[in-house]
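First up is the structure itself, then whatever we jot down about it.
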Amino acid sequence: MSARHTHRVGDLRPSQILFTFGVGASIDLPNLAVMVMGLDLWPITHCREIPEARLLAAVRSQLGGQVQRLLEPPRPPKEPKSPLDPEASIGMPVRMFPRWLRCPKCGLMAPIESGLFELKPNPYRPDMTRWVHSTCPSDPRRKGQTAVPVRFIVACRNGHLDDFPWIKFVHGGPTSCKSLLRLMQFGVSDSVADVVIKCDTCNATRKMIEAFDPPKDNPLLPMCTGYHPHLEHHAQCRDEHNQPLRMEAMLLGASNSWFPINLSALAVPQANASLLAQLIDDHWSVLEKATSKDILAAFRAIGQLDAFEDFADTDIWQGLEAKRHAQPADDDAHEDLKTPEWQAFTAADPARNTDDFRLEPVEVPVGFGTYFDQIVLIHRLREARALVGFTRIQSAGEFGEEWSVPPERRAPLANGTLTWVPSAEVRGEGIFLQFNEATVTEWLQTPEIMALGETYLEAHRRWRSARNISPPLDGFPGIRFVLLHSFAHLLMRQVALECGYTSASVRERIYSADAGAENGPMAGVLIYTAASDSEGTLGGLVAQGQPQILAYHIDQALKQAELCSSDPLCADHHPYDQGTTLHGAACHACLFSPETSCERGNKYLDRRILVTTLSDGVIPFFREHAQV
């Protein structure tokens with residue numbers, strides 16, 4: 001990471017750039033707060049390309065056909081020996097944000113451009129670069145008191161962000177006062193209610209708590225100017241009714257200040273593709289550089305073609321030429337990301353295993369044949385992920401799937417034409433469970449479950465209406481998804497106890513589609529874990545999928561779901577009777593999982609549909625589960 005192309009001031013893992021500190025996100029450094037700049041300022045000469053055609057097609061359908069590559073974030077080819085090495089400046093460009101600073105000793109607040117604070121760079125320790133208030137009256141030794149970023153900003157739900165309007169806020173509107181502001185804190189809680197802003201010039205004061213009134217009724221906050229600090233430009237900002245939006249007060253670094261919009265795909269064998277074509281696709285980032293047969297032979301000589309030992313150079317060259325001249329796919333007609341994965345898992349053909357995809361079908365655990373058609377152990381998988389945008393205030397999950405975020409709510413990643421997106425790949429292992437479709441269909445058609453589906457549909461409508469998301473009924477995943485999602489959470493929590501990985505590193509992938517839907521029916525769950533290491537993970541999770549062990553885990557998970565430590569409150573929870581939620585009998589004690597594990601932000605969960613709980617009126621899916 002670099003501070004405006006000058007110094008490397010910190011390190012981030014590729015996955016952090018996709019999930020926590022991507023384009024437009026704030027990063028807290030030891031003495032500074034910075035924001036990651038747009039992709040048009042990133043150096044791409046040191047970015048490795050990730051080959052994943054299905055993911056690239058999905059990204060192009062979202063952002064346009066001009067996107068040509070999936071690239072890892074820039075990194076130095078080797079660790080710099082000194083901060084002064086040219087390679088030390090390779091990384092993501094960042095800028096100071098917010099621009100207002102505060103002296104923690106005297107409380108003085110001012111923007112960087114005011115000249116009241118002085119920059120103290122450290123070329124040998126760039127991470128210790130800081131701003132100081134050298135004339136602080138509370139610092140008699142005049143050593144220079146380190147200034148800190150002001151912790152309040154403003155944002156709108158269309159993804160815009162700006163510095164807090166301090167001068168207008170204190171004075172109640174525009175003013176000619178040559179303001180000198182101070183932030184004062186009273187009490188020991190350090191809460192917003194204890195913060196007061198004062199103007200030394202005219203003695204005007206205002207409590208900070210007034211900024212957190214409902215934004216529609218708060219004239220102290222400005223209308224949105226459409227500012228994107230990561231792009232350094234303004235754009236028009238309107239709501240769905242073409243009306244201007246009022247900004248909302250927010251804490252710097254708040255969890256709702258940046259929500260990534262990510263797409264991900266598992267590397268599965270291509271349908272109806274030959275083994276050679278599959279190998280060429282898997283190794284395309286290397287093979288595309290072979291512009292002649294001589295270069296191809298050189299690649300073989302240096303060990304770049306070990307995976308092609310059963311194929312002659314002539315055959316490989318013909319395959320390369322066929323791929324280069326293949327007709328590009330229509331960006332609007334690409335297949336969804338999960339259907340090819342579902343087909344590969346349900347086919348469960350070990351003959352199509354590759355270096356990045358190795359599976360093994362095993363027997364369904366004894367006693368669970370009514371509920372599952374098959375269990376597949378995924379000994380090796382590769383997942384590619386791409387960042388296509390971000391939202392603020394409202395997460396992408398509130399709109400449904402990642403690709404359903406309205407364009408006006410999605411903040412752009414660059415000013416100019418976007419030809420690539422930040423990506424990362426991880427390798428790992430997993431367990432795939434295919435539900436018995438006949439059992440699922442029969443259960444879905446019971447009157448009690450159909451009524452429960454209507455309840456969740458109404459909760460979904462109220463949830464979206466309360467957040468001004470239109471149309472209110474779009475994106476409802478159905479009660480089938482609630483069943484699969486709830487089961488996935490139960491199983492993740494159970495296997496995390498013994499697989500050797502933390503609960504935050506075990507993830508879910510839900511395959512849900514009704515019989516009448518496109519590519520339906522689907523009813524399956526993939527529980528997996530992955531790491532950025534080239535060797536992936538160590539097999540602790542896939543070992544839990546052996547029939548006898550998996551039977552124990554499923555049985556224990558279902559038993560745990562029958563009673564929650566928060567019962568009867570948890571068991572009796574209704575999706576919208578006591579406030580609008582998107583879950584039934586579910587809480588942190590029984591079903592909720594870490595944010596990194598869940599596809600839908602702990603929504604659409606209900607253990608009543610799995611087993612018998614203290615609440616009645618719902619027929620559980622596992623009515624007669626095996627006792628082990």
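The values are calculated or read from the model by the stated rules, or taken from the named source; none is laboratory data. None of these values were measured; they are calculated from a predicted model. Every residue, glycine among them, receives a Cβ derived from its backbone with ideal geometry; neighbour counts consider all protein chains shown. Surface areas here come from the heavy atoms of the whole protein model, side chains and all, with no ligands, DNA or RNA. Shrake-Rupley method; radii C 1.70, N 1.55, O 1.52, S 1.80 Å.
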Here are MET223, MET208: which of them is farther than 19 Å from PHE97 by Cβ and in contact with a helix residue (DSSP H, G or I) (Cβ under 8 Å, 6 or more places away or on another chain)? MET208
Within segment 504-520, track down each residue that is within 21 Å of VAL376 (Cα to Cα) and open to solvent by 50 Å² or more (accessible area, probe 1.4 Å). ARG507, ASN519
Tell me yes or no: at least one residue of segment 169-184 is touching a residue at least 12 places away in the same chain (Cβ under 8 Å) and either under 30 Å from PRO412 (Cα atoms) or aromatic (Phe, Trp, Tyr) (or both). yes
May I ask you to verify whether LEU181 is modelled with pLDDT of 90 or more and either under 30 Å from the mean Cα position of the chain (by Cα) or surrounded by 20 or more Cβ atoms within 10 Å (Cβ to Cβ) (or both)? yes
Restricting to segment 206-234, what's the tally of residues that are farther than 18 Å from LYS168 by Cβ, part of a loop (DSSP other than H, G, I, E, B) and either open to solvent by less than 40 Å² (accessible area, probe 1.4 Å) or at pLDDT 85 or above (or both)? 4
Among the residues of segment 123-142, what is the count of those that are open to solvent by less than 50 Å² (accessible area, probe 1.4 Å), farther than 9 Å from CYS103 by Cβ and part of a loop (DSSP other than H, G, I, E, B)? 2
What about GLU595, is it open to solvent by 50 Å² or more (accessible area, probe 1.4 Å), in a loop (DSSP other than H, G, I, E, B), more than 15 Å from TRP443 (Cα to Cα) and of a type in the set (Asp, Glu)? yes
Subset of segment 499-534 (residues that are closer than 21 Å to ILE17 by Cβ and in contact with a helix residue (DSSP H, G or I) (Cβ under 7 Å, 6 or more places away or on another chain)): THR529, SER532
If ILE393 meets every condition in (1) part of a helix (DSSP H, G or I); (2) farther than 21 Å from GLU52 by Cβ; (3) touching a Lys or Arg at 6+ places or on another chain (Cβ under 9 Å) apart from one, which number is that one? (1)
Within the set of pairs 6+ apart or on separate chains, which have a first residue in segment 371-400 that is at positive phi, a second that is open to solvent by 10 Å² or more (accessible area, probe 1.4 Å), and C-beta atoms under 6 Å apart? GLY389/ARG410; ILE393/ARG157; ILE393/ASN256; GLY400/GLY475
Could you list, ordered by first residue, the pairs with Cβ atoms under 9 Å in which the first is in segment 302-326 and touching a residue at least 24 places away in the same chain (Cβ under 8 Å) and part of a helix (DSSP H, G or I) and the second is open to solvent by less than 50 Å² (accessible area, probe 1.4 Å) and among the polar types (S, T, N, Q), at least 6 apart or interchain? ALA307/THR354; TRP317/SER292
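Collect the residues in segment 284-296 that are surrounded by 15 or more Cβ atoms within 10 Å (Cβ to Cβ) and out of contact with any Leu (no Cβ under 8 Å at 6 or more places or on another chain), keeping them in residue-number order. Steps first, please.
To start, the set of residues in segment 284-296 that are surrounded by 15 or more Cβ atoms within 10 Å (Cβ to Cβ) comprises 284, 287, 290, 296.
TRP284 - this is the single residue of segment 284-296 that is surrounded by 15 or more Cβ atoms within 10 Å (Cβ to Cβ) and out of contact with any Leu (no Cβ under 8 Å at 6 or more places or on another chain).
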With the requirement that a residue be open to solvent by 20 Å² or more (accessible area, probe 1.4 Å) and modelled with pLDDT under 90, what does segment 525-545 give you? ALA531, SER532, ASP533, SER534, GLU535, THR537, LEU538, GLY539
Kindly indicate the residue of segment 1-28 that is touching a helix residue (DSSP H, G or I) at 6+ places or on another chain (Cβ under 7 Å) and more than 18 Å from LEU252 (Cβ to Cβ) and also modelled with the highest pLDDT among those meeting that condition. ARG8
Considering each of ALA147, ALA53, ALA110 in turn, give the residue that is surrounded by fewer than 21 Cβ atoms within 10 Å (Cβ to Cβ) and either over 23 Å from LYS207 (Cβ atoms) or modelled with pLDDT of 85 or more (or both). ALA53
Selection over segment 609-619 where residues are without any contact (Cβ under 8 Å) to a residue 60 or more places away in the chain and either open to solvent by 30 Å² or more (accessible area, probe 1.4 Å) or out of contact with any helix residue (DSSP H, G or I) (no Cβ under 7 Å at 6 or more places or on another chain) (or both) yields a count of 3
